[in-house]
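Below is one structure, written out as structure tokens, with a few remarks after it.
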């Protein structure tokens, strides 16, 4: 499957965006654990073939960057309706007069901020690798 996806004419950036998009869309319907179990065995071999050395740096740094992108995308999918599980958890903790539609509307700016953060992380990989580099040298 990774070879078939690699054969698509997207290039490295297009392939990365495609993978993140699939993970994001799956978050509309299934929980992050299922997404991880389904997609990571398919996508990790594909992501390992992508070359971002000119943008990120060495392969180890690229892996940290990609893992952070996938984790943020999974986190964002946890907020997306119709099955935004975090939204249902919030509904359970909210006062009874708060309706689920209000929670959905309130989540939209957070989702937009998350997507903007993912795009910023794609543009500036140092955001993902600065702290691990500081801790582990």
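Each residue in 34, 3 was given a count of other beta-carbon atoms within 10 angstrom of its own, and listing them fewest first yields 3, 34.
Between the helical axis of 126-136 and the longest alpha-carbon principal axis of the chain there is an angle of about 80 degrees. Mean residue ellipticity at 222 nm, helices only, the chain: -24000 deg cm²/dmol; runs of at least 4 DSSP H residues each add -39,500 (n - 2.57), and the sum is divided by the number of residues.
Would you work out the relative contact order for the chain, in percent, from Cα pairs under 8 angstrom that are 6 or more residues apart?
Values: 104 pairs, mean separation 36.5, N = 137.
It rounds to 27 percent for the chain.
Over the chain, with a Gaussian network built from C-alpha contacts below 10 Å, which listed residue (93, 71, 113) shows the highest mean-square fluctuation? Evaluated over the chain, the most mobile residue of the options is 93. Against the main long axis of the alpha-carbon atoms of the chain, helix 59-77 sits at an angle near 20°.
Listed by Cβ neighbour count within 10 Å, with the fewest neighbours leading, 51, 31 appear as 51, 31.
Determine one quarter of the surface area of the Cα convex hull of the chain, which equals its mean projected area, and express it in nm² to one decimal. Provide the component values of the computation, followed by the final result.
Values: hull surface 37.7 nm².
Here the figure is 9.4 nm², rounded to one decimal.
For the chain, the longest principal axis of the Cα atoms and the long axis of helix 11-26 meet at an angle of about 20 degrees.
Every number in this text was worked out from the coordinates using simple rules, so none of it is lab data. Since this is a predicted model, take the numbers as computed values, not measurements. Backbone-built Cβ (ideal geometry, glycine too); neighbour counts: all protein chains shown.
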